[in-house]
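Novice: Before anything else, here's the structure in question.
Where a number appears in this text, it was derived from the coordinates with a stated rule and is not lab data. Given the structure is predicted, the values throughout are model-derived calculations rather than measurements. With ideal geometry, Cβ positions are generated from the backbone for all residues, glycine too; neighbour counts draw on all protein chains shown.
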Amino acid sequence: MSEERDLLRQTVAALVEKHASPAAVREAMASERGYDESLWKLLCEQVGAAALVVPAELGGAGGELADAAVVLEELGKALVPTPLLGTTLAELALLAAIRTGGAPDSETIERLAEGTSIGAVVFDPGFANDLGKGVPGSLLQSYAQAVVSQWTRETGRAGAAGRAGPFGAANAVTIVPQVRMRFNPTRESKNLFVPGLMAFVLTIISSLMTAISLTREKETGTMEALLVSPLRPWEIIAGKVLPYLAVGFGSLLLVLVEARFVFAVPMRGSVLLLLAEGLLYVLVSLAFGILISARTSSQRLAMMGVFLTTLLPNVLLSGFIFPVESMPAVLQWISFVFPGRWFVVIARGIMLKGVGVEYLWRETLYIALLAVVLLAASVRSFRERLE
């Protein structure tokens, strides 16, 4: 590696260490643009990251593609999101169009080299004529793969001829494009399945057990004795909820232990936050079970009510099996009612992404509000039954 390239690597590494902490990276990914604009500006100003492959006569640094690869490697070590790859590919496409006889788009190349633009759409010659004839155009399809493949072929031919390639020294670097998922790079189904399975297990333990047990007490007459006692409805509900709340919390601990040590699902976020969110979800599931038991007269009806109103919707409409984004708009709106949708987002966010409550406060607030509404409805149902 040349001394200049080694200095480039050290400079980028220093900028990343200073401005790209793990918290800053997560915040940048969650931002509207998907990257840290201030860090991108520093990279463009101090190391000319966006101008590395642009020739000096077009306002660039006159470097090689290997220089851009060095910068991308250092950024990739810290998972720093930047538009460098897209910018570089756009510049290469424009330079390739110039080599084939096209007029140089100096303004676009200059803006890309400055970092003020982060992409460009390059149309093949005759694209408009093809569209006019009804020939389908494959715009941006396998765009990055095509650019890199072209560079590899031309560099190989230059090396065979014993001269420099079009973008630098022949055979200086080999690029193999790979597409990887950001938070599940190995695409293991367990990393998405197990956090969603937590909601299903907690729903069974909390809603189903509560509804069946309270309905059984109504069938045996125990609940009637409690209703005519001096106890207030909320006191009865509290006495019934607390034991199952403890059981649900214990089940949550067991599920987390199994997820981490049996299925090896990563835990990148706060365990305490996930426990608190899980406890809140157990509470709202208990409220569902209590409300159903107050409105039904037999264990069979209570079981059917839990299956139809909690278990099936929390499995089918929560994103546990099917992505919510792929559902019809009507079902997406219906899924807002069920807490499982929000808890699946919370569990995956904490375990896979490592995010905190600053990114999950909307989901947390919705589950908390739903718990308050359902508990109030349960108290009202018991009061009506008492009267």
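Novice: When we measure straight from the Cα of LYS190, which lysines land under 26 angstrom away, once same-chain ones fewer than 8 places off are left out?
Specialist: Filter leaves LYS77, LYS353.
Novice: How large is the convex hull of the C-alpha atoms of the range 12-70 per residue, in Å³?
Specialist: Working: hull volume 5.1 nm³, N = 59.
Measuring per residue, one finds 86 Å³ for the Cα hull of the range 12-70.
Novice: Further question on the same structure: Using the Cα atoms as the points, what is the convex hull volume per residue of the range 284-334 in Å³? Could the numbers behind the result be given before it?
Specialist: Values: hull volume 4.2 nm³, N = 51.
So the per-residue Cα hull volume is 83 Å³.
Novice: A further question on this structure: Run the Debye formula on the Cα coordinates of the range 189-386, all scatterers equal and no solvent, and tell me log10 I(q)/I(0) at q = 0.14, 0.17 1/Å.
Specialist: Reported log10 I(q)/I(0), two decimals: -0.78, -1.08.
Novice: Modelled label-to-label distance, ALA13 and GLU57, 7 Å Cα→beta-carbon offset: nm?
Specialist: 3.6
Novice: Between ILE334 and THR108, 0.36 nm times their residue separation minus their Cα-Cα distance comes to what?
Specialist: Numbers: separation 226, 0.36 × 226 = 81.36 nm, distance 4.61 nm.
Taking 0.36 nm per residue and subtracting the Cα distance, the gain is 76.7 nm.
Novice: Taking neighbour counts of Cβ atoms within 10 Å as a proxy for exposure, in what order, fewest first, do SER378, SER21, SER251, SER189 appear? Write out the running numbers ahead of the final one.
Specialist: Working: SER378 27, SER21 12, SER251 18, SER189 8.
Ascending number of Cβ neighbours within 10 Å: SER189, SER21, SER251, SER378.
Novice: Tell me which lysines have Cα within less than 25 Å of LYS218's Cα, excluding those fewer than 8 residues away on the same chain?
Specialist: LYS240
Novice: Another question about this same structure. I want to verify the translational diffusion coefficient of the range 305-387 in µm²/s; compute it with Stokes-Einstein, Rh as the Kirkwood radius over Cα pairs, at 25 °C and 0.890 mPa s.
Specialist: Numbers: Rh = 14.2 Å.
Estimated diffusion coefficient is 173 µm²/s.
Novice: Let me ask you something else. So how do THR203, THR364 line up by other beta-carbon neighbours within 10 Å, fewest first?
Specialist: On the way: THR203 28, THR364 18.
Fewest-to-most Cβ neighbours within 10 Å comes out as THR364, THR203.
Novice: Which residues among the range 12-43 fall inside the zone where the amide N is under 18 Å from a point 7 Å beyond the Cα of ARG362, along Cα→Cβ?
Specialist: Answer for this model: 27-35.
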